[in-house]
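Read through the structure below, which is laid out as structure tokens, and then see the notes.
None of the figures in this text is laboratory data; all of them are computed from the coordinates on show. If you're wondering where the values come from, they're calculated on a predicted model, not measured in any experiment. Positions of Cβ are generated from backbone atoms using ideal geometry, with glycine treated the same way; all protein chains shown enter the neighbour counts.
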Amino acid sequence: MSVVDVVVVGAGFGGLYALHKFRSQGLSVRVFESAPEVGGTWYFNRYPGARCDVESVDYCYSFSDELQQEWTWTEKYATQSEILEYINWVADKLDLRRDITFETRVSSAVLDEQTLRWTVTTDTGEMVDARFVVMATGPLSAAMTPDFAGLDTFAGEVYHTAHWPHEGVDFTGKRVAVIGTGSSGIQSIPIIAEQAERLYVFQRTPNYSVPAGNRPLTGEETAEIKANYAERRRMSWRSGGGSPHVAHPKLTMEATPEERRVAFEERWELGGVLFSKTFSDQMISLEANEEARKFYENKIRAIIDDPDVAEDLIPNDHPIGTKRICTDTNYFQTFNRTNVELVSVRKTPIESVDATGINTSEAHYDIDALVLATGFDAMTGTLAKIDIAGRGGEKLVDDWADGPRTYLGLGTDGFPNLFLVSGPGAPAVLANMVLHAEAHVNWIADAIAYLDQNSYAAIEPTADAVDSWIADCAQRAEATLFTKANSWYMGANVPGKPRMFMLFIGGFGVYLDICNEAAAAGYKGFDLLKVP
Ligand code: FAD
Ligand code: NAP
């Protein structure tokens, strides 16, 4: 069995930075990645139209000014292929591949309580003895395929947006169905519609989507951003969501109607997900949220030709922003095309799939290809696939049976030296995930250095710290509108999953302060352990 300081699971943005950071700290590191290449999310999600919804210039590593200055993004919201190219460029530049074992899935991690070390086993039968295990397995990496009756009898092609064929798919002349209208569906539908002979969009819940306003970045803009990167990043680290944008200084109802209109209009122009942060109280006060919703509805109704279709496309079951706002290019315009039909699954539920297509309660839809844009078992799904056993042989899945339990989203009691990157209990997907991963990895690296400087073998959250962190996260969530939506943040998209808001909602900057304060206080809330 080989012996290393750290095993990192995953080679997406999180795992790659972890490898670089720990290596530069003099630690021996092994990374295991089930895919044949680096990239994580951006390796797998190659569906047409896939792009980031945080601006490219922010959705990239900040830890090296050299990287920031050398790389040039071509568009405001980069395509999947450009992001993947960037990740590969970083991996080459930092010579990361030599410590990554690809096409190898970690199947278990078992703690030895006597030595406080972990035995990590892979699906190729390799075993590694590690002092630390860092799970950079991704909050959105367990794709979900609903259990549609008869799906396996369909004679045509079936694609999941999160496992898109590398060679691409040509839908020209085909009758296609897309099931799902979350961010993945909403990005891919306009492009599939341009190719397909006929496109049926099966929508269960309408989603809020704000146009990206995507465009090429000019040389002038790029030069200015690069000249001011330090300030841009400083603002991002202090912000609510990891981007350099601040909410309007007034609360929604303190602003005059004209000030509100101008503020919403400016955010609309900025594009996408940040619309939910136009005013700081928008996600707390229903009255404030209603103002955003009314503005949104007017914009969308103006795009869609058929008022009945508009009615079906406009959400009415959750406050705006309580599910991640989608970021689209020509999504609503797509429903004005004659080859596109919206099928409301709420009105006419999908009953089965057969060899030729989809059966709803009212009709049969003949199709050649089926696209599943049905999302992920988010936050916990990927970790649950790894057999993780801590103190007394207790399994992480059992410990989390009623919902994930973490302290600061970084680890949990009973599992010393097991760290999570961008896991539940952190802001994670509510923030710019590249900066978020950097923050987690930096915190973990500092903790390891502290253990070594003070001759400790391990660090483990106390049960009290975990309990009070979960209670704090729940209380903060309850004070917002987020718990009013059946979102994947709440686990609501996976049948049988415990319903719990799985993220820290208090803001990225606030969260970082809490993590740093815990470290500065000698790792408050953690037990620092010697080998028994
Ligand atoms: P991932 O990129 O998911 O990487 C995890 C890796 O771990 C994967 O490669 C997986 O194969 C590997 N892995 C998992 N389990 C095992 C195992 N047992 N053994 C070996 N390997 C394993 N976030 C934003 O902030 N902005 C965006 O614009 C944005 N856009 C997104 C678009 C899409 C289509 C999706 C799905 C997500 C998007 N996200 C976005 C969230 C995105 O997941 C994160 O931004 C980020 O890429 C996550 O990086 P990660 O390294 O934490 O995880
Ligand atoms: P998602 O938001 O969970 O959307 C899944 C869609 O599938 C929903 O419309 C859902 O309907 C539908 N669905 C699921 N099961 C169904 C069933 N049995 N019958 C009918 N419909 C069903 O997943 P996603 O679109 O992949 O996005 C997940 C997250 O990834 C996003 O929120 C975002 O954080 C990230 N992402 C970002 C981007 C980007 O713009 N950069 C792009 C893609 C993904 P219900 O709503 O009714 O459950």
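Relative to the longest principal axis of the chain, what angle (0 to 90°, nearest 10) does the C-alpha long axis of helix 80-93 take? That helix lies at roughly 20 degrees to the long axis.
Which shape class, rounded, prolate or oblate, goes with the range 78-233 when its Cα gyration tensor gives a ≥ b ≥ c as root eigenvalues, a/c under 1.5 marks rounded, and past that a/b bigger than b/c marks prolate? Since a/c reaches 1.5 but b/c is at least a/b, the shape of the range 78-233 is classed as oblate.
Here the range 253-270 is scanned for amide nitrogen atoms under 14 Å from the site 7 Å beyond the Cα of LYS294 along Cα-to-Cβ, giving 253-262, 264. Evaluating kT/(6 pi eta Rh) at 20 °C and 1.002 mPa s, with the Kirkwood radius of the range 402-449 over Cα pairs in the Stokes-Einstein relation, gives 194 µm² s⁻¹. Judged by the mean number of other Cβ atoms found within 10 Å, the most tightly packed of the peptides 123-133, 66-76, 421-431 leads the ranking 421-431, 123-133, 66-76.
What the Cβ-Cβ distance of ASP308 and HIS364 gives, at R0 = 25 Å and to the nearest 0.05, is a FRET efficiency of 0.70. DSSP assigns beta bridges within the chain; of those with both partners inside it, close to 40 percent run antiparallel. Cβ crowding within 10 Å ranks CYS326, CYS515 as CYS515, CYS326, fewest other Cβ atoms first.
Which angle from 0 to 90°, rounded to the nearest 10, does the C-alpha axis of helix 13-24 make with the longest principal axis of the chain? It works out to around 20 degrees. Among the listed pairs LYS21/LYS226; LYS323/LYS347; LYS277/LYS385; LYS76/LYS347, those whose Cα-Cα separation exceeds 26 Å are LYS277/LYS385; LYS76/LYS347. Length gained on full extension, GLN114 to THR74: 9.1 nm, using 0.36 nm per residue less the C-alpha separation. Roughly how tilted is helix 508-520, in degrees to the nearest 10 and between 0 and 90, from the longest Cα axis of the chain? That helix lies at roughly 10 degrees to the long axis.
Between ALA479 and ASP446, what length comes free when the chain is fully extended (0.36 nm per residue of separation minus the Cα-Cα distance, one decimal in nm)?
Using 0.36 nm per residue and subtracting the Cα-Cα distance, I get 8.6 nm.
Within the shell of other residues whose beta carbon sits under 14 angstrom from the beta carbon of THR462, the net charge comes to -2, with Lys and Arg scored +1 and Asp and Glu -1.
Look at PHE295, PHE63, PHE22 and count the other Cβ atoms within 10 Å of each Cβ; fewest to most, that gives PHE63, PHE295, PHE22. A cut-off under 10 angstrom between Cβ atoms defines the neighbours of LYS93, and their net charge, with Lys, Arg +1 and Asp, Glu -1, is -4.
Principal axis extents of the Cα atoms in the chain, from largest to smallest and rounded to whole angstrom, are 70, 58, 45. Separation of the range 47-81 from the range 485-520 is 25 Å, based on Cα centroids. Between SER28 and LYS395, the FRET efficiency estimated from the beta carbon spacing at R0 = 25 angstrom works out to 0.35. Based on the Cβ-Cβ distance of GLU287 and THR101, what FRET efficiency does E = 1/(1 + (r/R0)^6) give at R0 = 35 Å, to the nearest 0.05? According to the calculation, E is roughly 0.05. The fewest-to-most ranking of LYS250, LYS21 by surrounding Cβ atoms within 10 Å reads LYS250, LYS21.
Summing charges over all other residues whose Cβ lies under 12 Å from the Cβ of PRO349, with Lys and Arg as +1 and Asp and Glu as -1, gives +1.
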